[in-house]
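None of the figures in this text is laboratory data; all of them are computed from the coordinates on show. Here the structure is a predicted model, which means the values were calculated and not measured. With ideal geometry, Cβ positions are generated from the backbone for all residues, glycine too; neighbour counts draw on all protein chains shown.
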Amino acid sequence: MLDRIKLPPGFAISLYTDNVPGARSLALGERGALFVGTRKGVVYAVRDEDGDGRAESVITVARRLDSPNGVAFRRGALYVAEISRVLRFDGIEGRLHNPPQPAVVNDTFPRDRHHGWKFIRFGPDDRLYVPVGAPCNVCLPKDERYATIMRMNPDGSGLEVYARGVRNTVGFVAEHGSWNRSTPIGYRISLVRLEADGSANYSIFAEGWSDGRRAWGRPVDLLIDAAGALIVSDDRAGALYRIHYQGD
């Protein structure tokens with residue numbers, strides 16, 4: 001299937017692993033582990049132990065969580081966002097096969113499942129940004145936390161609304177693709193260049209997960225690994241891909 005993916009000249013794509021069902025958000029640890037969140041209750045750690053660009057091991061580090069879509073890494077700890085709370089697994093890379101019990105960082109988020117899964121990241125201010133999606137497609141909920149991006153300190157304190165009017169945040173340049181359109185759109189990776197004047201230049205970087213009628217894959221999240229390659233998650237194929245530059 002990967003021979004269908006169109007890339008700019010000089011780039012190549014390969015399978016990193018196809019053993020991560022529902023793979024969605026990605027976070028890179030300090031010792032080489034690649035953490036993968038899902039909406040299926042499971043969080044994985046993926047390792048390329050010999051550095052050949054393909055993962056040798058996929059380890060389940062958490063089970064039976066409530067849609068643990070969001071993952072982020074900070075100072076040896078893995079942060080995992082469920083529907084209504086954020087957890088922290090301390091010292092996780094030294095205990096992949098025997099993970100510690102998680103600490104609850106904050107459990108005050110709404111419990112609505114509609115747009116309730118979360119994509120999280122630490123910002124340059126060392127605060128954790130956590131979205132709260134609208135609990136519907138078209139509505140005006142009374143709770144002002146809905147359709148926002150919130151942020152908090154790493155210990156869960158200081159939770160506040162950072163941005164409003166954001167229906168659902170899923171991570172911004174991997175176009176996951178439509179799920180109910182008669183003519184499907186998306187299923188590709190786009191490149192956005194910010195110009196000096198503040199404008200944005202938008203172009204397609206990788207496409208081919210759909211033939212315009214049916215999609216065999218749905219890219220979700222992107223991450224640059226230690227070697228400078230782009231890791232792409234695909235929740236439909238249950239896979240991770242590695243895109244790297246190999247020259248002209």
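Any idea how far the Cα center of region 162-184 sits from the one of region 25-57, in Å? With region 162-184 and region 25-57 each reduced to a Cα centre, they are spaced 24 Å. Straight-line cross-link reach from K40 at under 22 Å between alpha-carbon atoms covers these lysines, not counting any fewer than eight positions away in the same chain: K118.
Which residues make up the longest stretch of the chain that has no chymotrypsin sites (Phe, Trp or Tyr not before Pro) in a DSSP loop with at most 14 other Cβ atoms within 10 Å?
Working: sites that count: F172, W179, W216.
By the stated rule (loop sites, at most 14 other Cβ atoms within 10 Å), 1-171.
Couplings 3J(HN,Hα) of region 96-106, computed from phi: 4, 8, 9, x, x, 5, x, 8, 8, 7, 7 Hz, in residue order, whole Hz [Karplus 6.51 cos²θ - 1.76 cosθ + 1.60, θ = phi - 60°; x for Gly and Pro].
A Cα-only calculation for region 2-241 places Rg and Dmax at 17.9, 52 Å. From least to most packed, judged by other beta carbons within 10 angstrom and beginning with the fewest, T169, T60 follow the order T60, T169.
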